[in-house]
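Heads up, the thing below is written out as structure tokens.
The values are calculated or read from the model by the stated rules, or taken from the named source; none is laboratory data. All values derive from a computational prediction rather than experimental measurement. Virtual Cβ from ideal backbone geometry, glycine too; neighbours counted across all protein chains shown. Surface areas here come from the heavy atoms of the whole protein model, side chains and all, with no ligands, DNA or RNA. Shrake-Rupley method; radii C 1.70, N 1.55, O 1.52, S 1.80 Å.
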Amino acid sequence: MTEAQKFLKKAYTLKGGAHTKSFYKDWAASYEQEIKDNGYATPYRCAAALAACQTDKSVAVLDLGCGTGLSGEALKAAGFATLDGTDFSQEMLTYAQGKQGLYRSLKLGNLDNPLPAEPGVYGAAAAVGVFSPGHATAEMIGKVMDLLTAGGCFVFSLNDNALKDPSYETEIAGLQSQGLAEEAFREYGDHLPKIGMKCIVCVLRRV
Ligand SMILES: C[S@@+](CC[C@H](N)C(=O)[O-])C[C@H]1O[C@@H](n2cnc3c(N)ncnc32)[C@H](O)[C@@H]1O
């Protein structure tokens, strides 16, 4: 891959909506190679954190912003067999669709409006690499919590760029102070070690 073909650094300058969608359309074919070349650790960290908090592995997991399915592969390796994926990029989803048997269902859908599920149906949800500037907004954290059954767990990552935006931590604190969620797990560690990018992996449990 030449410098001109690389996308990763541009992923942190996205403006959201159509701009972000068009970016992932162009990145889909080389996404996995580039992100793996940079040591992408977050899917495995998130899957391990979810497995530690949601011990019933038979629950269905909603993988929001599933992309090409790297997050689904990590969730499956951690023991979660029933995965529903969603993403607003058809080009990214096409690669996930090519991974036979990985997802029970895959749906095209924008996390911002509306979320692709009825409230209170999922025992777990994941958003790996999805809360980041120009991607999904902080309010989506609370909306995803609404999709969970009582006691259900939501694992997500917040990379160093997301952590510069206080809205994500404000949303997490607000859900806890309203008694809607409790933080079951938090750890700061590797995200993309080859470019020195770290992230928080957080699990919120629906109260
Ligand atoms: C960095 S990729 C992560 C993909 C996958 N979870 C992984 O770990 O490889 C971010 C994904 O989020 C999707 N995405 C970003 N904003 C979105 C939104 N508002 N609604 C739906 N999908 C979104 C992108 O299309 C992309 O596939």
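The residue pairs whose first member lies in segment 179-207 and is free of Cβ contacts under 8 Å to residues at least 40 places away in the same chain, whose second member is in a strand (DSSP E or B) and aromatic (Phe, Trp, Tyr), and whose beta carbons are closer than 9 Å, counting only pairs six or more residues apart or on different chains, are Ala181/Phe154; Lys198/Tyr188.
Every residue, every condition in (1) among the charged types (D, E, K, R); (2) over 22 Å from Cys202 (Cα atoms); (3) open to solvent by 60 Å² or more (accessible area, probe 1.4 Å), yes or no:
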residue	(1), (2), (3)
Ser71	no, no, no
Glu91	yes, yes, yes
Gln100	no, yes, yes
Arg104	yes, yes, yes
Leu108	no, yes, yes
Val121	no, no, yes
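Once segment 55-104 is narrowed to residues that are away from the ligand (no atom under 12 Å from the Cβ) and part of a helix (DSSP H, G or I), the residue that is farthest from Met145 (Cα to Cα) is Gln97.
Here is a check on your reading of the model: is Asp112 surrounded by fewer than 22 Cβ atoms within 10 Å (Cβ to Cβ), among the charged types (D, E, K, R) and within 15 Å of Leu147 (Cβ to Cβ)? Answer is yes for this residue.
Would segment 158-181 turn up any residue that is within 11 Å of the ligand (Cβ to nearest atom), surrounded by 17 or more Cβ atoms within 10 Å (Cβ to Cβ), closer than 21 Å to Leu14 by Cα and hydroxyl-bearing (Ser, Thr, Tyr)? Looking through segment 158-181, none of the residues is within 11 Å of the ligand (Cβ to nearest atom), surrounded by 17 or more Cβ atoms within 10 Å (Cβ to Cβ), closer than 21 Å to Leu14 by Cα and hydroxyl-bearing (Ser, Thr, Tyr). Got at least one residue in segment 179-196 being assigned to a loop (DSSP other than H, G, I, E, B) and at negative phi? Looking through segment 179-196, at least one residue is assigned to a loop (DSSP other than H, G, I, E, B) and at negative phi.
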